[in-house]
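J.: Take a look at this one; I'll ask things after.
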Amino acid sequence: MTLDPNLHFLRTGYEQRFPPEYFTDVDDDGVTWQPDVYPETLALARAHGRDTVIDLGCGRAAKLVALTAADPTIEIVGVDYGSNIAWCRDNYEIGRWIETDLETATSLDLAPETAARSVIVCCDVLEHLVDPRPTMRLIQGLLDHGAACAVLSTPARDRRSGTGNLAQPRNTAHVREWAQDEFRAFVEGFPLDVERAELTRSDDAGGGLTTQLVVVRDAGAAR
């Protein structure tokens, strides 16, 4: 089976879900999903001397806000739409909250200087989007304005249900789930440089290494 650029580099024959359910980020089961993604983002911000984390698809932003307890000097910017971003505005006294539809946005209401002080995180968001390309272009734009890197995470279909499973994801809020080789091809098609690509824990309840963690940089940036 070949990777199909018209399917966001999924294998030919993959069945996407249209439309997905809107994902309301309500944590009521005591499980932390992708527990290592935000700590890794903070570590990268420190390593690159950046003081801002921009979260594309922040949901209700509990993990983003937790970074400020780990490092009070970190500024946070959350980007989402609908009830998730409204909840953030109503419940947090810190942070900047930008309402943006990640499937249609061409830019963010952010000064280039903010991007230049930042690291980006997009944690298990792309699989929810009918069209993930606008979000990837937003990431490109932030990197072009000097963001150090972007941390992307998404389910690893090859580890969860098998590379050859081309059926719709079991999660009804997911449009698609990429295998690792598919996701790398998707990311590199923008183009972006993949600095690291590895597996990380899907949750802190024993779910195993079934989530992809990919760190990307501007393809033209000097190393």
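The values are calculated or read from the model by the stated rules, or taken from the named source; none is laboratory data. Quick caveat, the model's predicted, so the values are computed rather than measured. Neighbour counts are summed over all protein chains in view; Cβ atoms, including those assigned to glycine, are modelled from backbone coordinates with ideal geometry. Accessible surface is based on the protein model in full, side chains and every heavy atom, while ligands, DNA and RNA are left aside. Shrake-Rupley method; radii C 1.70, N 1.55, O 1.52, S 1.80 Å.
J.: Hey, got a sec? Which chymotrypsin sites (Phe, Trp or Tyr not before Pro) in segment 10-89 land in a DSSP loop and have at most 14 other Cβ atoms within 10 Å? Before the final figure, lay out each step's value.
T.: On the way: sites: TYR14, TYR22, PHE23, TRP33, TYR81, TRP87; in loops: TYR14, TYR22, PHE23, TYR81.
The qualifying sites are TYR22.
J.: Oh, and also: What list of ³J(HN,Hα) couplings, whole Hz, do you get for segment 129-137 from phi and the Karplus terms 6.51, -1.76, 1.60, once you set θ to phi - 60° and write x for glycine and proline?
T.: Those phi angles translate into 8, 4, 10, x, 5, x, 5, 5, 6 Hz.
J.: Express the carbon and sulfur contribution to the solvent-accessible surface of segment 29-102 as a percent, rounded to the nearest whole number, probe 1.4 angstrom.
T.: Numbers: 1670 of 3310 Å².
Of all accessible area on segment 29-102, carbon and sulfur atoms account for 50 percent.
J.: Pick from ASP193, ASP80, ASP90: which is most flexible by mean-square fluctuation in a GNM of the chain where alpha carbon atoms under 10 Å apart are linked?
T.: Sorting by GNM fluctuation, first place goes to ASP90.
J.: What does the helix-only formula give at 222 nm for the chain: each DSSP H stretch with n ≥ 4 adding -39500 (n - 2.57), the total divided by the residues, and the result rounded to the nearest 500 deg cm²/dmol? Before the final figure, lay out the partial values.
T.: Details: 7 runs with 59 residues, N = 223.
Computed ellipticity for the chain at 222 nm equals -7500 deg cm²/dmol.
J.: Please compute the per residue accessible area over segment 1-150 with all protein chains in place, 1.4 Å probe, rounded to a whole number of Å². Show your work: numbers first, answer last.
T.: Working: 6990 Å² over 150 residues.
Roughly 47 Å² per residue, with all protein chains present.
J.: Just how large is the dipole of the chain about the Cα centre, in debye to the nearest 20, putting +1 at every Lys and Arg Cβ and -1 at every Asp and Glu Cβ?
T.: Charge dipole, the chain, about its Cα centre: 480 debye, nearest 20.
J.: Just checking my list (1) 18.3; (2) 17.6; (3) 21.5 against Kirkwood radius over Cα pairs in Å computed from this structure; which label fits?
T.: Derived directly from the coordinates: (2).
J.: For ALA69 and THR32, calculate 0.36 nm times their separation in residues minus their Cα-Cα distance, and state this gained length in nm to one decimal.
T.: On the way: separation 37, 0.36 × 37 = 13.32 nm, distance 1.68 nm.
Working it through step by step, the gained length comes to 11.6 nm.
J.: Can you pull out the GluC sites (Glu not before Pro) in segment 66-146 that DSSP calls coil and that have at most 13 other Cβ atoms within 10 Å? Please list the in-between numbers first.
T.: Values: sites: GLU75, GLU93, GLU99, GLU103, GLU113, GLU127; in loops: GLU93, GLU103.
Listed in order of number, the matching sites are GLU93.
J.: Now for a separate question. Spin-label point model (7 Å from Cα, Cβ direction): what's the THR163 to ALA86 distance in nm?
T.: Label-label distance for THR163 and ALA86, simple model: 4.4 nm.
J.: Run the numbers on the chain and let me know its relative contact order in percent, using alpha-carbon pairs under 8 Å that are six or more apart.
T.: On the way: 442 pairs, mean separation 53.6, N = 223.
For the chain, the relative contact order is 24 percent.
J.: Put MET136, MET1 in order of accessible area, largest first, 1.4 Å probe: what do you get?
T.: Ranked from most to least accessible, the order is MET1, MET136.
J.: Accessible area of LEU209, 1.4 Å probe, to the nearest 10 Å²?
T.: LEU209 has an accessible surface of roughly 90 Å² with all protein chains in place.
J.: I would also like to ask the following. Only bridges whose two residues both fall in the chain count here: according to DSSP, what percent of them are antiparallel, nearest 5? Can you show the working numbers first?
T.: Details: 18 of 35 bridges.
Approximately 50 percent, going by the DSSP bridge assignments.
J.: Put +1 on the Cβ of every Lys and Arg and -1 on every Asp and Glu Cβ in segment 87-200; which of HIS128, GLN180, GLY141 then has its Cα farthest towards the positive end of the dipole?
T.: The residue sitting farthest along the positive end of the dipole is GLN180.
J.: Amide H of ARG196 versus every other amide H placed in the peptide plane: which residues, excluding those fewer than 5 positions away on the same chain, fall under 5 Å?
T.: VAL215
J.: Based on the Cβ-Cβ distance from GLN16 to GLU113, what FRET efficiency comes out when R0 is 41 Å, to the nearest 0.05?
T.: Working: r = 38 Å, r/R0 = 0.93.
It comes out at approximately 0.60.
J.: Just to be sure I understand the model, the point goes 7 Å from the Cα along the line to the Cβ. What's the resulting GLU93 to ALA205 distance in nm?
T.: Here the modelled spin labels are 3.2 nm apart.
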